[in-house]
Amino acid sequence: MVTDNGTTPQHPLGSGFGPRTTAAEAVAGIDLHGKTAVVTGGYSGLGLETVRALASAGAKVMVPARRPEHAREVLDRAGLDGVAVAALDLSDLDSVRSFAADLLASGFLGEAGSLDLLINNAAIMASPETRVGPGWEAQFATNHLGHYALANLLWPALSAGDGARVVALSSTGHKLSPVRFEDLNFDSGYDKWQAYGQAKTANALFAVELDALGKSSGVRAFAVHPGGIMTELQRHLPREEMVASGWMDEAGNVNERFKTSEQGAATSVWAATSPRLAGMGGVYCEDCDIAEPTVPGSPEARVRGVDAHAIDPEAAEKLWQKSAELTGINAFA
């Protein structure tokens, strides 16, 4: 359902899927032959399973990677030797510009030069305080600004196709912090979880504004919470912290509420390919459906739904303009 003003309600569709749906199940029966896709971080964890599902449905997939040789080895071991790999460091705008220019000129996108699916999957989480570029906080720069720049630089290819979709991976981490416009880089004191929360809110707001800007060209965008999954994303977390958080027990057994990587990739794949979402966009999804808005104070407020600050159109527009100012990149200027 789409409202009279063209917006998609932040309300479940009743997709028929759920938290234990796998990426393969989400794409079952969907033919992606002739479609092109870019999946950042598509060589580990959720990204690898996302690539596997899209490729199995016939898509031609490109995986940009900070360590392309390692990515190639992983993809080959996974039997995905037909997937293309190229170098990209999302924390380095020169690298983003180089990757985008090379992709647009490479012939990978075919005669039409169109990119059908862009899945902004790569991320860092709760990392030690790190500065990149002109002093940007690394989680915001890598998770948001790099993907913002990538989508804008690839806009000619996204808008050249027939109904391209962009999927931005957010998470319930967005509940930890809104975008701190007054101190984006935590110059007043760094907190790794607030910084992660800001970055994940930024991912969600990016989808809101890109959808608003892109819908007239047939390009729609979605934010996705994949669920709790134990992947390389936790590389910066000591075991004691994960035990204290209830993510695993003292023996290292992962909490049963966590998803597998195949289940975690399902919502990205669903948002990228489901016919149910035709003509829709700008919403936050979880468990292979559009999520409900968070009910403040409810028992599940911390782990389910989307907080108002992560889907606020005014904040989304403000973030877009700030991102354009910081990067010097804006396809819609």
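Values in this text are rule-based calculations from the coordinates and carry no lab data. From a predicted model like this one, the values you see are computed outputs, not experimental measurements. Virtual Cβ from ideal backbone geometry, glycine too; neighbours counted across all protein chains shown.
A full extension of the chain between Ser217 and Glu73 corresponds to an added length of 48.1 nm, given 0.36 nm per residue minus the alpha carbon distance.
Could you state the number of Å between the C-alpha centres of segment 262-318 and segment 27-78? The distance from the Cα centre of segment 27-78 to that of segment 262-318 comes to 23 Å.
With a threshold of 25 Å on the Cα-Cα distance, the over-threshold entries among Lys215/Lys259; Lys60/Lys200; Lys192/Lys322; Lys175/Lys322; Lys175/Lys318; Lys192/Lys318 are Lys215/Lys259; Lys60/Lys200. DSSP bridge analysis restricted to the chain gives an antiparallel fraction near 15%, rounded to the nearest 5.
Where the alpha-carbon atoms of the chain are placed on the principal axes, they occupy 53, 47, 40 Å, in descending order. For Cys288, the residues whose amide H sits under 5 Å from its own are Thr267, ignoring neighbours fewer than 5 places away on the same chain, with H placed 1.01 Å from N. Couplings 3J(HN,Hα) for segment 63-78, derived from phi with the Karplus relation 6.51 cos²θ - 1.76 cosθ + 1.60 (θ = phi - 60°), are 10, x, 8, 5, 10, x, 5, 5, 4, 4, 4, 5, 5, 5, 5, 7 Hz, where x marks Gly and Pro. Spin-label pair Ala308-Glu182: with each label point 7 Å from Cα along the Cα-Cβ axis, the two points sit 1.9 nm from one another.
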